Amino acid sequence: MNEFVRGIKRGFPICLGYIPVSFTFGLIAVKMGFSPLQATLISLTNMASAGQFAGIRLIEGGAPYIELVITTFVINLRYFLMSLSLSQKVNPEMPFYKRAIMAYCITDEVFALAAMEPDEVSFPFFGGLMITPILGWTSGTLLGAIASNLLSPMIQGCMGIALYCMFIAIIIPPARKSRKVALAVVVAAALSCIFKYVPGINMLSKVGGGGWAIITSAILGAAICATIKEVKRRRRRAMAERRAA
Amino acid sequence: MNYIIVCMFLMFLTTYLIRVIPIGFVRKKMENEWIQDFIYYIPFCVLSAMTFPDVLYSTTATGVEPHITVSAVIATAVAVIMAWRKRGLVAVALVAVLVAIIVELALPVLMTMMAR
């Protein structure tokens, strides 16, 4: 099958899932005094859920530029890890301009689907993967911005869960298949709860809109799981050597 | 007006630079097995850390300080069960939103019935 078409097929569910989330973003942005065009432009240029929500909150409050940059940096720092991970899944020969285009749409969901590809991620595949989520994210924002006065605050609130449930739908099926992935999911969630609730440590989730807490939980979680695997690998090797001797 | 445009540009620039620097400049394949495993676990860990416990706060009505809601707890449970049964992204997200709305609507009614 054509890689580009395969990408579109894989990406389309993300597009549909993005609509309620970006719809909510559009609603909130207009409530805060942004025009529908500005809200849509923010979505088109950022393609970042949590970062955008935090950004408009700061802009509404008239925050200094440096605070906006630092908050955006911290909340979106996870994309650095994802981009680094993706750099290992593309052909080392891929030219810079193609990498620069792919970089634009490294979102949580698009990245997750690309990362779960068994083989190398090609440019046409990623292009197909990203195209409909971009359309869904921007058009959803515009719709939400326009419809901002039609929905009750209760319903607007309820739509906020859509994003998280997409995350759940992405991580649970692989966690069911692989014990190691399940461990990674549980460890990262536990760390994230610790950073939110344990007095003293919870400072971390109060600065930078929760970005530091997410990054720290993810790095620690992945490091713990990778180390467990490393220990097992060494033990297995040592046993094999002993048997050989 | 100018302030908003500068802010929008700064948000774009910050977000894009974070994304383009690693994939744009790292061309070497990493050989170290620990790093390979670490990178393999990253997507699951990031998504999991973002989801829990924040999902439980995610159905708070707009304009109110986020707090844990009954509707979010029930909708999350439904989403986890559906994901466990390998339902797709969209189905899980939409059903969770519907469940949250139904609980929000039903809860006040149940409360008044109990009060009687």
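The values are calculated or read from the model by the stated rules, or taken from the named source; none is laboratory data. Keep in mind the model is a prediction, meaning the values are calculated, not measured. Using ideal geometry, Cβ is built from the backbone for each residue, glycine included, and neighbour counts are taken over all protein chains shown.
Overview of results
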| item | result |
| --- | --- |
| Residues within region B:62-94 that are assigned to a loop (DSSP other than H, G, I, E, B), touching a helix residue (DSSP H, G or I) at 6+ places or on another chain (Cβ under 6 Å) and among the β-branched types (Val, Ile, Thr), tallied | 2 |
| Subset of region B:42-61 [over 15 Å from A:PHE195 (Cα atoms) and either more than 7 Å from every other protein chain (Cβ to nearest Cβ) or part of a loop (DSSP other than H, G, I, E, B) (or both)] | B:LEU56, B:TYR57, B:SER58, B:THR59, B:THR60, B:ALA61 |
| One residue from A:TYR97, A:TYR79 being assigned to a helix (DSSP H, G or I) and either of a type in the set (Asp, Glu) or more than 9 Å from every other protein chain (Cβ to nearest Cβ) (or both) | A:TYR97 |
| Tally of residues being within 7 Å of chain A (Cβ to nearest Cβ) and crowded, with 21+ Cβ neighbours inside 10 Å across region B:62-96 | 10 |
| Residue pairs meeting the criteria (Cβ under 7 Å; at least 6 apart or on separate chains; first in the same structural domain as A:GLN52 (by TED's automatic domain parsing), in region A:134-160; second part of a helix (DSSP H, G or I) and of a type in the set (D, E, K, R)) | A:SER148/A:LYS31; A:MET154/B:GLU104; A:CYS158/B:GLU104 |
| Count of region B:73-95 residues which are within 9 Å of A:MET166 (Cα to Cα) and among the polar types (S, T, N, Q) | 0 |
| Subset of region A:117-149 [within 13 Å of chain B (Cβ to nearest Cβ), surrounded by fewer than 17 Cβ atoms within 10 Å (Cβ to Cβ) and not charged (D, E, K, R)] | A:PRO118, A:ASN149 |
| Some residue of region A:33-40 being at pLDDT below 85, more than 7 Å from every other protein chain (Cβ to nearest Cβ) and over 21 Å from A:PHE126 (Cα atoms) | yes |
| Wholly within region A:169-245, helices (runs of 4 or more DSSP H) carrying at least 3 residues that are within 7 Å of chain B (Cβ to nearest Cβ) and without any contact (Cβ under 8 Å) to a residue 60 or more places away in the chain | A:179-197, A:211-244 |
| Cβ-Cβ under 7 Å pairs, at least 6 apart or on other chains, region B:66-82 side within 11 Å of B:ALA100 (Cα to Cα), far side surrounded by fewer than 15 Cβ atoms within 10 Å (Cβ to Cβ) | B:VAL70/B:LEU107 |
